[in-house]
Amino acid sequence: RMVVGQATFFLAAIRVALFGQGGGAEAFNIDRLDAETATPAEVVDAANQLPVLASRRLVIVRGAERLLRADAEAGEEGALARYLKKPSPQTCLVLLGEKPDGRLRLTREIAAAGVLVDLTVPKDHALADWLREESGRLGKRLHPEAAALLVAFSGNDLYVVVSRKSDTAASLKFISDQ
């Protein structure tokens, strides 16, 4: 998958989906690379490694735009283009980027395959609405004013907003239990 936007919150969800709530094997099966220092071939090597004491691996690459450009400069079939035609079934490869270059053939192929995920976090009022929807999905109700206050005090950092929402909910439960 190629993920665009603020991904801290969503990467945590991906990690939990693949490995559960922790465990020793997770440490052996997550690679974090930066396209500024890693080549497309190094990314492919990491993605092709077999999992250790687990059924899945997670390879996270920051700076996907640079990686896709480097792969395109390698010619007709760069290492990443070849890998994406036949990816490892045990690996979840997450390419993190801000704005993919739609002029690159590989970016268009990723989008056409349906694996380009836009995780751009909504801002201000839209973020408050998103929080309310997410709360509803989890079977909880969040008052509109409470959602607006969480965003006002936390800014538009989704990880901070959700953390404060959880902390606030735990505090309110503690108070109501007293």
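Using a 1.4 angstrom probe on the protein heavy atoms only, line up 110, 14 by accessible area, largest first.
14, 110
Where only protein heavy atoms count, and the probe is 1.4 Å, what is the accessible area per residue for the stretch 47-114 in Å²?
That works out to 56 Å² per residue.
Using modelled amide H (1.01 Å from N, peptide plane; none on Pro or chain starts), what sits under 5 Å from the amide H of residue 30, excluding residues fewer than 5 places away?
Hits under the 5 Å cutoff: 58.
May I ask you to rank 135, 55 by accessible area, largest first, using a 1.4 Å probe over the protein chains only?
55, 135
The values are calculated or read from the model by the stated rules, or taken from the named source; none is laboratory data. Worth saying up front: this structure is predicted, and the values here are computed from it rather than measured. For the accessible areas, the whole protein counts, side chains as well, though only heavy atoms, and no ligand, DNA or RNA atoms are used. Shrake-Rupley method; radii C 1.70, N 1.55, O 1.52, S 1.80 Å.
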